[in-house]
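The values are calculated or read from the model by the stated rules, or taken from the named source; none is laboratory data. Note that the coordinates shown come from a computational prediction; the quantities given were computed from them, not determined experimentally. In this analysis, Cβ positions are derived from the backbone assuming ideal geometry, glycine residues included, and neighbour counts consider all displayed protein chains. Protein only, heavy atoms only, side chains kept; ligands, DNA and RNA dropped before computing areas. Shrake-Rupley method; radii C 1.70, N 1.55, O 1.52, S 1.80 Å.
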Amino acid sequence: MLSLLITYDVIVRKLFDASSIGTDEIGGYIVAIMAAFGFTYALLQDAHTRIDIFYQWLPERFRLIANFLAMSGMAAYACFLAWRAWGTLDESIAFGSTANTPLHTPQWIPQSIWLLGLVLFAAVAVLLLLHAVWLLVRGRSHQVLQFYGPKTLEEEIEEELLDVDALDSQPSSAVSAQGDRHD
């Protein structure tokens, strides 16, 4: 939707030397909201960046500590983001803040959706941390390392090979529909 709005804005600007109102504003809201929800998706996909250059050579005990610190840090950061977003929303509601743009968007509208994404991120991060602690208490340290440790190089290679195999097994029309790229 945003891409269509931007395309329309570019064409109108080029052909008629005019601009639609609010494309930048709406785009900014969409980016912030999608980022907030994307944090949760990235967390569940193990896509957040971890510096793990020495991780593979650490003894199991230190890998467990590293994972616990990483998960605790992620949960604390997610909770901090949600807390500060709540403060921002609360202030916007108290002052009746609107955007300083021609749309005069009441700020509580995009900020509420943004807060929802950050609260989801915080909740999932805390639940994953609690799950890891529960596994540790039950003596399942191997599962903690398996579920919450960074992927090994071999695991990443295996995932990439599975993705390539999935592309190879698709009918040629499905692959063509995805776009033939020759880099």
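Remark: pairs (first residue in segment 1-20, of a type in the set (Lys, Arg); second residue open to solvent by 80 Å² or more (accessible area, probe 1.4 Å) and not in a loop (DSSP other than H, G, I, E, B); Cβ separation under 9 Å; 6+ apart in sequence or on different chains) are absent. For segment 8-63, residues that are among the polar types (S, T, N, Q) and open to solvent by 80 Å² or more (accessible area, probe 1.4 Å) total 3. Please work out which residue is nearest to ASN67 (Cα to Cα), limiting yourself to segment 141-183 and to residues that are modelled with pLDDT of 75 or more and of a type in the set (Val, Ile, Thr). So the residue we want is VAL144. Being open to solvent by less than 40 Å² (accessible area, probe 1.4 Å) and more than 30 Å from ILE53 (Cα to Cα) is true of ALA99.
Say whether the condition of being surrounded by fewer than 14 Cβ atoms within 10 Å (Cβ to Cβ), over 25 Å from the mean Cα position of the chain (by Cα) and in contact (Cβ under 8 Å) with a residue 40 or more places away in the chain is met by at least one residue in segment 118-141. Checking segment 118-141: not a single residue is surrounded by fewer than 14 Cβ atoms within 10 Å (Cβ to Cβ), over 25 Å from the mean Cα position of the chain (by Cα) and in contact (Cβ under 8 Å) with a residue 40 or more places away in the chain. When each of SER72, SER92 is tested for being surrounded by fewer than 18 Cβ atoms within 10 Å (Cβ to Cβ) and at negative phi, the lone residue that passes is SER72.
Please name all residue pairs, on different chains or six or more residues apart, with Cβ atoms under 7 Å, provided the first residue is in segment 49-62 and is among the basic types (Lys, Arg) and the second residue is open to solvent by less than 80 Å² (accessible area, probe 1.4 Å) and at pLDDT 80 or above. Final answer for the pair search is ARG50/ALA70; ARG50/PRO150.
Among the residues of this structure, ILE53 does not count as one that is modelled with pLDDT under 90, closer than 30 Å to PRO106 by Cβ and either part of a loop (DSSP other than H, G, I, E, B) or not hydroxyl-bearing (Ser, Thr, Tyr) (or both).
Regarding LEU2, is this residue modelled with pLDDT under 90, within 20 Å of the chain's Cα centre (by Cα) and open to solvent by less than 60 Å² (accessible area, probe 1.4 Å)? Can you show your working first?
Working: modelled with pLDDT under 90: yes; within 20 Å of the chain's Cα centre (by Cα): yes; open to solvent by less than 60 Å² (accessible area, probe 1.4 Å): yes.
The answer is yes for LEU2.
Scanning segment 33-50 for residues that are modelled with pLDDT of 95 or more and touching a helix residue (DSSP H, G or I) at 6+ places or on another chain (Cβ under 7 Å) yields ILE33, ALA36, PHE37, PHE39, THR40.
Just one of the listed residues (ALA82, ALA75) is small (Gly, Ala, Ser) and under 28 Å from LEU2 (Cα atoms), and it is ALA82.
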